[in-house]
1. Net charge near ALA493: determine it from the other residues with C-beta under 12 Å of the C-beta of ALA493, scoring Lys and Arg +1 and Asp and Glu -1.
2. For Cα Rg over 2.2 N^0.38 Å, the listed values are (1) 1.02; (2) 1.34; (3) 1.40; which was obtained by calculation from the structure presented?
3. Through the Karplus equation 6.51 cos²θ - 1.76 cosθ + 1.60, θ set to phi - 60°, convert the phi angles of the stretch 294-306 into ³J(HN,Hα) values in whole Hz; use x for Gly and Pro.
4. Straight-line reach from LYS508: which lysines fall under 20 Å, measuring Cα to Cα and dropping same-chain residues less than 8 apart?
5. What full-extension length gain, to one decimal in nm, is calculated for GLN301 and GLU488 as 0.36 nm per residue of separation minus the Cα-Cα distance?
6. Within the chain, what percent of beta bridges assigned by DSSP are antiparallel, to the nearest 5?
7. I'd like the orientation of helix 406-421 relative to the chain: the angle between its Cα long axis and the longest Cα principal axis, in ° from 0 to 90, rounded to 10.
8. Can you give the relative contact order of the stretch 35-324 as a percent, counting alpha carbon pairs under 8 Å and 6+ residues apart?
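Just so you know, all these numbers are worked out from the coordinates, no wet-lab data involved. Just so we're clear, the structure is a prediction, and the values are computed from it rather than from any experiment. Neighbour counts run over all protein chains shown; Cβ positions are idealised from the backbone, glycine included.
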Amino acid sequence: MNSFHSQTLTGNMPDQSAILSPIQLILNELHRRLKDNHEGEVATYIPELGKADPNWFGICLVTADGTVYEAGDTAQTFTIQSISKPLNYGIALEDKGQPGVLKKIWMEPSGEAFNSISLQPGTGRPLNPMINAGAIATTGLVEGDTTAEKIRRIVDVFSLYAGRPLEIDETVYRSESETGHRNRAIGHMLRNFDILNEDPTPTLEAYFMQCSVLANCRDLAVMAATLSNGGVNPLTGQRAVAGEYVENILSVMGSCGMYDAAGAWIYQVGIPAKSGVAGGILAVLPGQLGIGVFSPRLDAQGNSVRGIAVCRELSQKFNLHLFNAAHQARSVIRTISSSAEVGSKRIRSAGEQALLQKQGSRIRHLHFQGELQFTTAERVVRETLREAEQADHLLLNFKHVPVIDHVAADLLARLAVTLLAGGRTLTLTGGSSLGKLELAFRGALPPDCWSRVEFIPDYELALETIENRIVAQSSSPGWGSRLLEPEECELLADLGAEATRILRGLLKPHVFAAGERIIEAGSTDRILYFILRGSADVWIEPPDQPRLRVASFSAGTALGELSLLDASPRSASVVAHTRVECVALSAAAFESLEKDHPAISASILRNLALTLARRLRKANIEITAAHSA
């Protein structure tokens, strides 16, 4: 059962200066809830480990491209203990090659405790590199004749994984060395089978030291993300292990990483992982993310109780099981733009267009593509939050998203909660995906939030709706319903009082009902219409295709202006979207202006040239934005 509950808001939502990702909120909630789990005991067989505070608890998740989410005691250092084993296995593979390593260490799960003496009959090889016998043999394969040489190479590589210099906890090392009698016995047994070819002491001391390397929960998650990213640290860009060996490391983690609970782990959690008796767990979802958890209380198998609970719940919540992963689309972000760059098809007056140019950067458009599951949805959430830092309104387009799973839908609903709490408004568009999203939103948002969330299937209509709202909010009362005067239309602006009086005598009033055709495609009439109230749409009808709306005209704009320039048949039909009240200037009336009042006709033509130039400039901006995205 899903253990998480969608965050809900009641009453007036507070303004937030910093908007938290819903993924961060989920980690915060998980940490808050599981910190009250006091099951398990701190390890004491190494005396220094027993000094750990049992209440320490940290969770960190790092994506394969380097985004970090963390909660709790993620900066608290501890020794990585057996988490060193898969990292060191990679070093051995680099130093000796796969054949050389497999000759000394096999890769079958033992089904026994981490300190068991599990050797392959006949060869004496440890069954896998995750039990102590295999890990000691692995350290023996690391280049270096002395303890100092081996541990220098090990710590340097571990530091590459973590993205920062790591050190050895000398107190824990001495404690391990002084009490590691069973491991010393294992070392001498390995020497007896020629798995170790020299005196085992330098190898054993290096092994005790590698287990005593200090790290924190964030380091574990970065290490895991490095393996998820093919061996390259996503924060530093530095390679920690050759990519060809990552699959070998993850394979033994998947089959042997959680001691004698490895089978149940891969069945229930489904993420290759390695635990350590200091309370750390490192888990890797290849190509997607890494998880680090730290909590010292251990179960009977030596695994962190809270760590197991965290990984199990994250796997179930985010559908992370390795064998249930959806196809990942790394290019989930199709384009990002603003209304200052890309506008709707509505043809607006110069004043409205200037307003949208000024305020349009606060309207951000994000277009997505591919299937949305946890990892791709995390990228959507992350990019949306980044854009929200400079936006008042966000338009999310899911037209090219064929599948949204329940995890992604839940994250997007949580994202909406966060955005609305931060004072933003939200519009979702894109057709088939909207039903599932709307259902998820209704489970997360209280009713009083719905006035700031819209689901509009058609992208162009969604964009136009947002623009209309911005214009209405910035305009005087009655915008959109007031009947304009002819001289308020852009082609008739700045003509002067006398010219306006003359022109008014030539204009004829017309009224068109919603749905009525104002201009018919193919007609040869030469009439210029000035919209004083209402709006009209321009439609074309391509052969053997549905008709297509190519533009929309608002009050203050003109229809059929090209008829002033030539006598060609109309190329498109114009249909009243709402009731349209307008005035018309016939070709004959315009010709009389040219003859009797050339200055007036010249002013109209100048305004027409400016209007066409403005539209061309807007088109150029939109084309540039589309090609640069």
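1. Numbers: positive: ARG606; negative: GLU485, GLU487, GLU488, GLU490, ASP494.
With Lys, Arg at +1 and Asp, Glu at -1, the neighbours total -4.
2. So the calculated entry is the one marked (2).
3. Result, rounded to whole Hz: 9, 7, x, 5, 10, 8, 5, 8, x, 9, 4, 5, 5.
4. Straight-line reach from LYS508, under 20 Å: LYS595.
5. On the way: separation 187, 0.36 × 187 = 67.32 nm, distance 8.06 nm.
Once the chain is fully extended between GLN301 and GLU488, it gains 59.3 nm.
6. Values: 57 of 74 bridges.
Restricted to the chain, the bridges split so that about 75 percent are antiparallel.
7. So the helix axis and the longest Cα principal axis differ by about 60 degrees.
8. Working: 658 pairs, mean separation 78.8, N = 290.
Contact order relative to length: 27 percent.
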